[in-house]
Amino acid sequence: MAFYSLNSMLNYKLAFVLFVLQRFAFTQFQLPSFEVLAEEGIRSIDVNKRALRMVDMNERPIKEELDTSMRTLERYYLNGQGRIDSIYFYPTLEGYYKKIVYSYDVKQRMCESVTSDHEGEVLARSKSTVNGDGSILYQEWNGGVLSYESHAREDSAIFKMVRFQNGLNSTTYWQYSYDFEQEIELEQSFVEGQLRHEEKAQWIANNNVPLSFIYAEFNANPDPFERKNFAKAYDVNEKGEVVNKLNGFFYDPYVGYNYFERIRYFKGMKSHAEHLFKVKNFVESQEVIELFSFDGKQIVYRYDFVYN
């Protein structure tokens, strides 16, 4: 009974946190879709922002002094297909403080993103390369140092990922691999070339019907609450979930495993701002409420958009 009460309390707390986060989330501005922009020949958009008033959570006015001057927030440059060519971030007294420049291949698939500051120093870079056999290499750099790469088949199914601590030749790194023939997923952590932690998961199936799941774990230097070695086989239900006594709880140790979602895919590169471009017509301005403080104060902003 105590175990049930503890789980109920933890689930309640999680639900409460999710409710608060949803309640305090704010709506972002929206822009015309790429198709609309391309049809009208738009090549740049200035996003300007001005504070209008402060309100409480019920949108009742709060008397508090605000800076209501108009500022340029971002500037989007677009290519001939209406896709984002670059984004400049403002405001500073010297102009923009950061920009992101995107590149596309002949099929208009994003293939590179370069982030730099106003002096031209490259802060971050990501790039995807389609090899001659159709396989895909995706890489990320931070401060000029390779930090992550993934390898995918022609169908975009990922078979290897590596996250480096100090670049390509680093001896401290995390590695993921997937053996499609044996249906084995392997995650390993290395410190100075030595294996410190390993998780191995294998699916047993017949004609795409999951039968069982085998999990094994190794810790080179376990703390008092960790196991050095562990291995166990589990049943799998019709939903592809690993059957265990913690099913249904958010802290189920196997909640991230599912037979029907066992393969990870490279979904292509996208700008973080692409989700903003979805309105079917031109938008001249919008009023948006944004959270100001967690005591319930909000600010109503007006966004003005200038198209060129």
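Things worth noting here:
- Checked across segment 287-299, the condition of being free of Cβ contacts under 8 Å to residues at least 60 places away in the same chain, assigned to a helix (DSSP H, G or I) and either farther than 22 Å from M70 by Cβ or aliphatic (A, V, I, L, M) (or both) holds for no residue.
- Residue count for segment 197-214 satisfying the condition of being under 27 Å from the mean Cα position of the chain (by Cα) and either among the acidic types (D, E) or farther than 24 Å from F266 by Cα (or both): 3.
- Flag not set for D223, criterion: under 30 Å from I62 (Cβ atoms), out of contact with any helix residue (DSSP H, G or I) (no Cβ under 9 Å at 6 or more places or on another chain), outside any strand (DSSP E or B) and of a type in the set (D, E, K, R).
- For segment 68-80, a residue qualifies if it is farther than 21 Å from E40 by Cα, out of contact with any Phe, Trp or Tyr (no Cβ under 9 Å at 6 or more places or on another chain) and either modelled with pLDDT of 95 or more or not hydrophobic (A, V, I, L, M, F, W, C) (or both), and the qualifying residues are T68, S69.
- D133 meets all of the listed conditions (1) within 30 Å of E181 (Cβ to Cβ); (2) assigned to a strand (DSSP E or B) but one, namely (2).
- Tally, over segment 157-175, of residues that are in a strand (DSSP E or B) and either closer than 30 Å to E121 by Cα or without any contact (Cβ under 8 Å) to a residue 40 or more places away in the chain (or both): 9
- Restricting attention to segment 164-182, the residues that are under 21 Å from V130 (Cα atoms) and crowded, with 16+ Cβ neighbours inside 10 Å add up to 2.
- For E154, the criteria (1) within 29 Å of N258 (Cα to Cα); (2) outside any strand (DSSP E or B); (3) in contact (Cβ under 8 Å) with a residue 24 or more places away in the chain; (4) not β-branched (V, I, T) hold in every case but one, which is (3).
- Qualifying residue in segment 256-276 (condition: more than 28 Å from the chain's Cα centre (by Cα), on the phi < 0 side of the Ramachandran plot and of a type outside the set (A, V, I, L, M, F, W, C)): no
- Residue within segment 229-248 that is in contact with a His (Cβ under 9 Å, 6 or more places away or on another chain), in contact (Cβ under 8 Å) with a residue 12 or more places away in the chain and not hydroxyl-bearing (S, T, Y) present: no
- Filter result (among the polar types (S, T, N, Q) and either under 21 Å from the mean Cα position of the chain (by Cα) or at pLDDT 95 or above (or both)) within segment 86-130: S86, S103, S113, T115, S116, S126, S128, T129
- When segment 226-237 is filtered for residues that are over 17 Å from I184 (Cβ atoms) and either charged (D, E, K, R) or assigned to a loop (DSSP other than H, G, I, E, B) (or both), the ones remaining, listed by number, are E226, R227, K228, D235, N237.
- Note on segment 193-220: among residues that are assigned to a loop (DSSP other than H, G, I, E, B) and out of contact with any Lys or Arg (no Cβ under 7 Å at 6 or more places or on another chain), the one that is modelled with the lowest pLDDT is G193.
- When segment 81-132 is limited to residues that are of a type in the set (D, E, K, R) and within 26 Å of E35 (Cα to Cα), the one that is surrounded by the fewest Cβ atoms within 10 Å (Cβ to Cβ) turns out to be K107.
- Residue check for R83: modelled with pLDDT of 90 or more, charged (D, E, K, R), over 25 Å from the mean Cα position of the chain (by Cα) and closer than 21 Å to Q30 by Cα: no
- Test for Y96: is it farther than 28 Å from K280 by Cβ and either of a type in the set (G, A, S) or touching a strand residue (DSSP E or B) at 6+ places or on another chain (Cβ under 8 Å) (or both): yes
- Residue within segment 127-141 that is farther than 23 Å from K267 by Cα and among the β-branched types (V, I, T) present: no
The values are calculated or read from the model by the stated rules, or taken from the named source; none is laboratory data. Predicted model only: the values in this text are computed from it and were never measured. So basically every Cβ, Gly included, is an ideal-geometry build from the backbone, and we count neighbours across all protein chains shown.
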